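The values are calculated or read from the model by the stated rules, or taken from the named source; none is laboratory data. Computed from a prediction, not measured in an experiment: that's the story for all the values here. Methodologically, a virtual Cβ is constructed for each residue, glycine included, from the backbone with ideal geometry; neighbour enumeration extends over all protein chains shown. When the accessible area is computed, the model is the full protein with side chains, heavy atoms only, and any ligands, DNA or RNA have been set aside. Shrake-Rupley method; radii C 1.70, N 1.55, O 1.52, S 1.80 Å.
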Amino acid sequence: MTTILNSDCLAQIFHYLDFAERVKLEGVCRLWCRIMAAYSTNSDIQEMNIAEFLKTTNTEYYQQDSLSFEPTTIGIIDRCGQYLQELSFGGEVDEGDAEDFGFNGKVSWGIRQCHALRRLDLSAVIIHGDISDVLDKVAENLEDFSLEDTSWVDPEAPKKITPYFPRMTRLRRLNMRAQSTAVLNELHNVGGELDTALRDMRNSSLIKLLERQIGLKELVMCPSPVLLNDEFMARLLNLRALHTLRISHVPNEGYAIELLGQLEGLRKLALQEVRSLTEESLQLILTGLRKLESLSMAKCQNVYGFSALDHCHCLEELEISDNTNLVDDDLFSVFGLGGLKRLRVVRCSNVSTEVIVHALQRNQLETLDLTGSTMMNDEALFAIASTQNELGYLSVNGCYKTSSKGVAAISHMANIEKLDVLDVSNNRKINEMAILGLHNALTLKRQNRRFERQAHQEDDGFKAADLAALEIPSKLLKVYATQSSISTSVDEAVADCIEILR
């Protein structure tokens, strides 16, 4: 083969392969290995997630105990480190579900090659040493830096990153959740103008930060480390660019939480366990936030009425959880506006099927979470089947009045193949009949697509873009079925379309 194709041709071919395939081809012969190095074959690799190349997960043991971690990481960086602009070690961290990857001095030294980095995500990484060598090379270029839930073997190591904050003049996004107080209280020294910040720090340090970062666009305080006093609220109201605010675990009552209604540019608001939130303060907040697109309220037990939702004319996402005070009359008006895309009514025992059916008839939802809403029955599932075309996530976890008949009816949705996740856990009325009904519907959809695709391939006038729309989806429908009556014997029979997770 090498007698026919010269080095230029081989290099061009290698550029069409992904990174993992190129690494495998390096072992074919010395010539191919030299060509990849000489022609900078990996120069098109600008983003890399090291976790995608590791063999083990935290369900087995920590990654730092894996023999593959260090050589894999260094091998990747040696090949494409100088070209990388984004580097991460595991992606986003979900609550209670972080992956831990070992990160030692050799790996840190290797990352020094990544001098073009704009985004460095070390979320949920266990660091053996410090990262001063890395920051010394990339601090000026960083636009996105995350140490969310990062652990340090040496408790003094986190303090060594604070001298680099003033050099981070291009920084726009910073995530320091669960970092030490010594680090958090120096964040006001960050040189860049932050768009996004997630942090947990004392009042004086946070106020300093807000004074400097008046262009802040997102602020997340979960749990809130500060008192929502007049001084803090005054600084908060100066953040005219703020579009996302999340506050949780505010145990004290009497704070002027209603002042949030003066943040007229706010698009997303999430409040969890905020005791100072009442029906009256919620009314004042939502009256002012006319452009609000996403609203979440969890465990706000001092809110005894939700009529204020009538003011949310632009709402696309609504989540209310763990509140027995929520009733149907609070929801009819906001559901009738027809703009909702994501709805979560979780563990609200006084919300009935009637109002959910009302929502389904007037909104095309992408997400519907009814977890623990015990008044739900099969009528809601029948309404889903007859009205919804965009649904990708559905949870009836713990809705014990629903049955296999209702779940099977979901198979009649016009776009059943768009459903990615279905949660029917904690309901012994759900058995394999429901799963087989879904499987039959998905199989039939795929067969119809296959026939249409074959017919259109024979049509010379059919456009390639239209043909791509008939591509047969390869993803599986994930069905969560913990504590249900779905037999394990059905797993293999539906494995081509459905993955059952118990």
(message) Placing +1 on the Cβ of each Lys and Arg and -1 on the Cβ of each Asp and Glu in the stretch 356-439, which of Thr374, Leu436, Gln361 has its Cα farthest towards the positive end of the resulting dipole?
(response) Thr374
(message) Explain nothing, just compute: Karplus ³J(HN,Hα) = 6.51 cos²θ - 1.76 cosθ + 1.60, θ = phi - 60°, for every residue of the stretch 376-385 in order, whole Hz, x for Gly and Pro.
(response) 5, 9, 5, 4, 5, 5, 4, 5, 4, 4
(message) Explain nothing, just compute: Karplus ³J(HN,Hα) = 6.51 cos²θ - 1.76 cosθ + 1.60, θ = phi - 60°, for every residue of the stretch 418-429 in order, whole Hz, x for Gly and Pro.
(response) 7, 6, 9, 9, 10, 10, 10, 5, 6, 8, 6, 7
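Give, in whole angstrom and from largest to smallest, the semi-axes √(5λ) of the equivalent ellipsoid of the stretch 225-305, with λ running over the eigenvalues of the Cα gyration tensor.
Rounded to whole Å, the semi-axes are 18, 15, 11.
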(request) Can you grab the distance from the C-alpha centre of the stretch 124-178 to the C-alpha centre of the stretch 354-383, Å, no decimals? (result) 44
(request) May I ask you to evaluate 6.51 cos²θ - 1.76 cosθ + 1.60, the Karplus curve with θ = phi - 60°, for each residue of the stretch 286-302 and list the ³J(HN,Hα) values in order in whole Hz, giving x for glycine and proline? (result) 6, 5, x, 8, 6, 9, 4, 10, 9, 9, 10, 9, 10, 6, 8, 6, 8
(request) Whenever you get a sec, line up Ser386, Ser307, Ser146 from highest to lowest accessible area (probe 1.4 Å, protein heavy atoms). (result) Ser386, Ser307, Ser146
(request) Give the distance, in whole Å, between the Cα centre of the stretch 18-57 and the Cα centre of the stretch 257-299. (result) 49
(message) Under 5 Å between amide hydrogens, which residues at least 5 positions from Ser484 or on another chain qualify, with H placed 1.01 Å from N in the peptide plane?
(response) Asn426, Asn427
(message) Just want the answer: with Cβ charges of +1 for Lys and Arg and -1 for Asp and Glu, which residue in Gly288, Gly261, Leu245 is farthest toward the dipole's positive end in the stretch 203-359?
(response) Leu245
(request) For the stretch 374-417, run through the chymotrypsin sites (Phe, Trp or Tyr not before Pro) and keep only the ones in DSSP coil with at most 16 other Cβ atoms within 10 Å of their Cβ. (result) Tyr400
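For the stretch 215-348, what does the accessible surface come to per residue with a 1.4 Å probe? Please give it in Å². If you can, show how the numbers build up before the last one.
Values: 5420 Å² over 134 residues.
Value for the stretch 215-348: 40 Å² per residue.
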(request) Give the long-range amide H neighbours of Arg344: residues separated by 5 or more places, or on another chain, with amide H under 5 Å away, using H modelled in the peptide plane at 1.01 Å from N. (result) Leu318, Glu319, Ile320, Asp369
